[in-house]
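Novice: Please see the structure below; I have some questions.
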Amino acid sequence: MSTANHQTVPSAVRPAARRSRKIAVTAMLSAAATVLMALDFPIPFLIPPFVKMDFSELPALLAAFSLGPVWGAAVCLVKNLINLTMSSTNGVGELCNFLLGVCFVIPAGVIYRHWKTRWGALAAALAGAVLMAVCSVPINYFISYPFYTTFMPIDTIIGMYQELIPSVDGLLACLIVFNAPFTLLKALLDTLLAFLIYKPLSPLLHR
């Protein structure tokens, strides 16, 4: 009888333990993503200084690889919900950050789930990076910049881009020439960092 119980209880508990582990790891990665999101910084020689670089998608990518795409999206959601408490954009910036993060980590997580090799991880991250860069154009055009123009004239915004490349003309051209490559660079740096730290962190992420 005691032997039967010893064999049955672990199998019943195991799914709950796995869920608890995933929630704990997601919470840890969400906290890291929140900190990284706060540590943003401008790169004024690449893009106007109001568009800043951060590495807050890195923990979400780690979650997508180690736990699955839904958990990667959860990290993106949690970090932006936390950041709402100190938002300077009435939630618009957080919404766009969430949408772009999801465009990155969900394709990466889905592809990696079906191709769990080093090359599969690279292909998955690159696919997510490209989609994130492409989606940055409509997301910024239809969501971010209409908000910015409520307190800054569109000509002033475009003028900031033209200080870097005078020939760009119009918001859409600015987003294609500057924001999409910048977003791609951001995702590629996240990918590089993920490849550098995933293996050392793997015991923590998987146990």
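The values are calculated or read from the model by the stated rules, or taken from the named source; none is laboratory data. These numbers were taken from a predicted model, which means no experiment stands behind them. Glycine gets a Cβ as well: all are built from the backbone with ideal geometry, and neighbour counts include every protein chain shown. What goes into the accessible areas is simple: the full protein's heavy atoms, side chains included, and nothing from ligands, DNA or RNA. Shrake-Rupley method; radii C 1.70, N 1.55, O 1.52, S 1.80 Å.
Novice: Give me the Kirkwood hydrodynamic radius of the chain in Å, from all C-alpha pairs, to one decimal place?
Specialist: For the chain, the Kirkwood estimate is 18.3 Å.
Novice: Here's something else I'd like to know. So for the range 105-207, taking the charge dipole from beta-carbon charges (+1 Lys/Arg, -1 Asp/Glu), which of VAL137, PHE182, PHE195 sits furthest toward the positive end?
Specialist: So the residue we want is PHE195.
Novice: Quick one: if you stick a label point 7 Å off each Cα along the C-beta vector at LEU122 and PHE50, how many nm between them?
Specialist: Rounded to a tenth, the inter-label distance reads 3.9 nm.
Novice: Multiplying the sequence separation of SER167 and ILE43 by 0.36 nm and subtracting their Cα-Cα distance, what value in nm do you get?
Specialist: Length gained between SER167 and ILE43: 42.6 nm.
Novice: So how far, in whole Å, is the C-alpha centre of the range 152-207 from the one of the range 28-42?
Specialist: 16 Å
Novice: Right, something else. Assuming a strict under-19 Å limit between Cα atoms, what lysine pair count do you get for the chain once near-sequence pairs (fewer than 8 apart, same chain) are dropped?
Specialist: On the way: LYS22/LYS79; LYS22/LYS116; LYS22/LYS199; LYS52/LYS79; LYS52/LYS186; LYS79/LYS186; LYS116/LYS199.
Close lysine pairs found across the chain: 7.
Novice: Per-residue HN-Hα couplings for the range 72-80, Karplus 6.51 cos²θ - 1.76 cosθ + 1.60 at θ = phi - 60°, whole Hz, x for Gly and Pro?
Specialist: Working through the residues one at a time gives x, 5, 5, 4, 4, 5, 5, 4, 6 Hz.
Novice: Separate question: Give, as a single signed number, the net charge of other residues whose beta carbon lies under 13 Å from the beta carbon of PRO59, with Lys and Arg counted +1 and Asp and Glu -1.
Specialist: On the way: positive: LYS79; negative: ASP54, GLU57, ASP190.
Residues near PRO59 contribute -2 overall.
Novice: Let me ask you something else. Probe radius 1.4 Å, ligands and nucleic acids ignored: give me the carbon and sulfur share of the accessible area of the range 40-88 as a rounded percent. Can you show the working numbers first?
Specialist: Values: 1450 of 1970 Å².
Its accessible area is 73 percent carbon and sulfur atoms.
Novice: Please give the solvent-accessible surface of LEU201 in Å², to the nearest 10, using a probe radius of 1.4 Å with every protein chain present.
Specialist: Solvent-accessible area, nearest 10 Å²: 60 Å².
Novice: Something else now. Nearest 20 debye, what's the magnitude of the dipole of the chain about its Cα centre given +1 on Lys and Arg Cβ and -1 on Asp and Glu Cβ?
Specialist: 1360 debye
Novice: To continue, here is another question. For MET53, what residues show an amide H to amide H distance below 5 Å, using hydrogens built from the backbone and excluding near sequence neighbours?
Specialist: Residues meeting the criterion, in which the H sits 1.01 Å from N, are PHE41, ILE43.
Novice: Ok, one more. Under 19 Å from the 7 Å Cα→Cβ point of TYR198, by amide nitrogen: which residues of the range 84-114?
Specialist: 101-114
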